[in-house]
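The values are calculated or read from the model by the stated rules, or taken from the named source; none is laboratory data. All of these numbers come straight from a predicted model, not from anything done at the bench. Positions of Cβ are generated from backbone atoms using ideal geometry, with glycine treated the same way; all protein chains shown enter the neighbour counts. Heads up: the accessible areas ignore ligands, DNA and RNA and are worked out on the full protein's heavy atoms, side chains in. Shrake-Rupley method; radii C 1.70, N 1.55, O 1.52, S 1.80 Å.
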Amino acid sequence: MQLSISNPLILVYVLITGAVATPLLGPVTPRTACSGNTPSTRSEWCNYSIDTDYSTIVPDTGVMREYWLELSDVTVAPDGISRAAMAVNGSIPGPTLIGDWGDTFVIHVKNSLTTSNNGTSFHFHGIRQNYTNAQDGVSSITQCPTAPGESITYTWRATQYGSSWYHSHFSLQAWEGVFGGIIINGPATANYDEDLGTLLLNDWDHSTVDELYNYAQTVGPPTLANGLINGTNTFEDGGSRFTMSLTSGTSYRLRLVNGAIDTHWKFMIDNHTLTVIASDFVPVVPFTVDYVNIGMGQRYDVIVTADQTDLADNFWLRAIPQSACSDNDNGDGILGIVNYDGASVTDPSTIRLDYGADACDDETDNLVPYIAKEVGGSDLSALEDAGIALQGNLFKWTLNSTSLLTDWAAPTLMQVLAGTKDYEADDAVIKLPSANQWFYLVIETDLAVTHPIHLHGHDFFVLAQGTGAYSSSVALKLNNPPRRDVAMLPASGHLVMAWETDNPGVWLLHCHIGWHTSEGFALQFVERFDEIATVAENTYVVDTCDTWSTFSDANLVVQEDSGI
């Protein structure tokens, strides 16, 4: 059950203003009517196709998708247990933002969190923000928080297509309920009949994450009580199951999103296989599995065919927390129901696949990007050791002994626009001054904890990923390696990433475990400093900071975490 109180006002209209055929945000001309992308021709898309390299070519749709979103403090009971939360347009998850490849999105966000008195920011996870760094929506990196009673507008171009989510990037607010899906329609690497949209997988507790944070930073990650599938589940005798109705013989696209604060899932539907066609925003050569491993912040587009009608009318859909990563008190009970052909919905009798021991695995070995690319050599590199440091009695995550601590009132982008080239040590800045160079980043840890590593502003290439320390003897995959925006750093292991410096801006890299983000597990990259002022408007950044400073001074706001 989605907790819907109100719906967003959405306007879709066409701009009649010139023509630009690049990935940059700018005026676009209306597209003409086109055919293609039917159930039997999903590889086609207007005058483009799955063979079009979306990193260099983007359709000129001329369409603007405009959304109005409002944040509010609410009381909800998604699993039957009432608690305080925050919602987008009164809903958890919030409304899904939907558009087509090449569309311009304009999202107006009003902060009405007047009970909790929280600031906010909105990040559109995985959106490259190509030459639109100021729209990335990260507190203390690209903007000051938007104060209660204030509004902000984000504008960006959909240069990619696929599935993702938006979420707050202000402290732990995303996991209080400030999140929702993103669908950008485009071609696909396999055919299917119907698109069922996003399926958001979240862990959930009956205390708020803000209430749990002190435990997380003094004792360790708390065990959460439950999980939600598209905003609903049962707990004890309350709540309701998510139900998905299928017609036998029909194939369906599901857009899986892991929106958890600290849960790595195995996702499956009993007795059905899943054909994976995309990871994050990257189309892949299709592969078929019994279940998908999905880390925090990761997305997989999968196709499931309703071909098991001879076995049952109802099947369990399972999101199984992996105890090797974190614990959940309802580990066997985060379930939905797949129902065939309008039969009575009853608890299924199907049995879970035996997949062996729980593990925080990545799907890397299966991922072959459909558009093949090679990674060039690099003279630019950095090696970062992930660890834990105690500050007083508080746990803080570090990279090379630095725990990121930024200032909500002085975002790095504002500093850059003011001409600042030197930063505090705990800003954890790595400078990438030159254009179109390959940069290699190695992150390693000797701690037995797995981390989902997310990079803003880029898809990165996964060159190596394994247990043990990185050394020059580790083979790097340079010929069409997997690329995505979230990959797992293995426990007691290493992750080698690469990307080109092709997008000027201030870009964050961080662990997507919410506790670890707030505890400082992050870096930021100032990429192509000399060009940033040409792609980010100083007034846009400064005005938000002026209103935030006025609010925070008047309300004695205290920043209690890393600032992101």
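Rundown of residues vs (1) more than 27 Å from ALA134 (Cα to Cα); (2) open to solvent by 40 Å² or more (accessible area, probe 1.4 Å); (3) of a type outside the set (Gly, Ala, Ser), yes/no style:
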residue: ASP427; (1), (2), (3): no, no, yes
residue: SER434; (1), (2), (3): no, yes, no
residue: HIS458; (1), (2), (3): no, no, yes
residue: GLY466; (1), (2), (3): yes, no, no
residue: ALA469; (1), (2), (3): yes, yes, no
residue: LEU478; (1), (2), (3): yes, yes, yes
residue: VAL486; (1), (2), (3): no, no, yes
residue: MET497; (1), (2), (3): no, no, yes
- Task: Evaluate the following for VAL76: is it open to solvent by less than 20 Å² (accessible area, probe 1.4 Å) and more than 30 Å from ILE453 (Cβ to Cβ)?
- Result: yes
- Task: Examine region 143-164 for a residue that is farther than 21 Å from GLU211 by Cα, among the charged types (D, E, K, R) and surrounded by fewer than 23 Cβ atoms within 10 Å (Cβ to Cβ), and state whether such a residue exists.
- Result: yes
- Message: Return the pair list, or none, for Cβ contacts closer than 9 Å from residues in region 432-449 that are under 18 Å from HIS516 (Cα atoms) to residues that are of a type in the set (Phe, Trp, Tyr), at least 6 apart or on different chains.
- Response: ILE443/TYR470; GLU444/TYR470
- Condition set assigned to a loop (DSSP other than H, G, I, E, B) and farther than 17 Å from HIS512 by Cβ, scope region 117-127, selection least open to solvent (accessible area, probe 1.4 Å): answer is GLY119
- Note on the structure: Restricting region 397-414 to residues that are part of a loop (DSSP other than H, G, I, E, B) and closer than 20 Å to GLN217 by Cβ, the one most open to solvent (accessible area, probe 1.4 Å) turns out to be SER401
- Query: Going by the structure shown, is ASP210 acidic (Asp, Glu) and in a helix (DSSP H, G or I)?
  - Reply: yes
- Sort through ASP543, ASP530, ASP561 and tell me the only one that's more than 26 Å from ASP361 (Cβ to Cβ) and free of Cβ contacts under 8 Å to residues at least 12 places away in the same chain. ASP543
- Identity of the residue in region 415-425, part of a helix (DSSP H, G or I) and free of Cβ contacts under 8 Å to residues at least 60 places away in the same chain, that ends up farthest from HIS510 (Cα to Cα): GLN415
- Query: Residues ILE430, ILE443: which one is among the β-branched types (Val, Ile, Thr) and either in contact with a helix residue (DSSP H, G or I) (Cβ under 9 Å, 6 or more places away or on another chain) or closer than 19 Å to ARG483 by Cα (or both)?
  - Reply: ILE443
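Anything in region 215-227 that is touching a strand residue (DSSP E or B) at 6+ places or on another chain (Cβ under 9 Å) and more than 14 Å from ASP329 (Cβ to Cβ)? List them, or say none.
Here is the first cut: in region 215-227, the residues touching a strand residue (DSSP E or B) at 6+ places or on another chain (Cβ under 9 Å) are 216-220, 223-227.
Across region 215-227, the qualifying residues are ALA216, GLN217, THR218, VAL219, GLY220.
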- Message: If the requirement is being open to solvent by 10 Å² or more (accessible area, probe 1.4 Å), polar (S, T, N, Q) and in contact (Cβ under 8 Å) with a residue 40 or more places away in the chain, which of these qualifies: THR275, THR263, THR288?
- Response: THR275
- Pull up region 546-558, narrow it to residues that are in contact (Cβ under 8 Å) with a residue 60 or more places away in the chain and of a type outside the set (A, V, I, L, M), then point me to the one that is most open to solvent (accessible area, probe 1.4 Å). THR550
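Only one residue in LEU455, LEU399, LEU432, LEU405 is under 25 Å from the mean Cα position of the chain (by Cα), at pLDDT below 95 and either within 17 Å of LEU523 (Cβ to Cβ) or of a type in the set (Lys, Arg) (or both), so which one is that? Don't jump to the end; show me each part of the working.
Numbers: LEU455 fails: at pLDDT below 95; LEU432 fails: at pLDDT below 95; LEU405 fails: at pLDDT below 95.
When all the criteria are applied, what remains is LEU399.
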- Report yes if some residue within region 356-376 is surrounded by 18 or more Cβ atoms within 10 Å (Cβ to Cβ), touching a residue at least 12 places away in the same chain (Cβ under 8 Å) and assigned to a strand (DSSP E or B); otherwise report no. yes
- Item | Every pair of residues 6+ apart whose Cβ atoms lie under 7 Å, when the first sits in region 209-232 and is under 20 Å from GLN391 (Cα atoms) and open to solvent by less than 60 Å² (accessible area, probe 1.4 Å) while the second is assigned to a loop (DSSP other than H, G, I, E, B) and hydrophobic (A, V, I, L, M, F, W, C) | TYR213/LEU172
- Item | region 235-249 - residue that is in contact with an Asp or Glu (Cβ under 6 Å, 6 or more places away or on another chain) and assigned to a strand (DSSP E or B) and, of those, surrounded by the most Cβ atoms within 10 Å (Cβ to Cβ) | PHE235
- Of everything in region 294-342 that's charged (D, E, K, R) and open to solvent by 10 Å² or more (accessible area, probe 1.4 Å), which residue is farthest from HIS125 (Cα to Cα)? ASP310
- Query: Just to be sure, is TRP515 open to solvent by less than 10 Å² (accessible area, probe 1.4 Å), assigned to a helix (DSSP H, G or I), closer than 30 Å to GLU211 by Cα and of a type outside the set (Val, Ile, Thr)?
  - Reply: yes
- Note on the structure: Per the list (1) within 26 Å of ASP561 (Cα to Cα); (2) assigned to a loop (DSSP other than H, G, I, E, B); (3) touching a Leu at 6+ places or on another chain (Cβ under 8 Å), residue check on PHE170 breaks on (3)
- In the set ILE57, ILE50, ILE10, ILE16, the lone residue that is of a type in the set (A, V, I, L, M), modelled with pLDDT of 50 or more and surrounded by fewer than 18 Cβ atoms within 10 Å (Cβ to Cβ) is ILE57
- Query: Restricting attention to region 173-201, and to residues there that are in a loop (DSSP other than H, G, I, E, B) and among the β-branched types (Val, Ile, Thr), which single residue is most open to solvent (accessible area, probe 1.4 Å)?
  - Reply: THR189
- Message: Against the definition (more than 19 Å from HIS125 (Cβ to Cβ) and modelled with pLDDT of 95 or more), how does SER171 come out, yes or no?
- Response: no
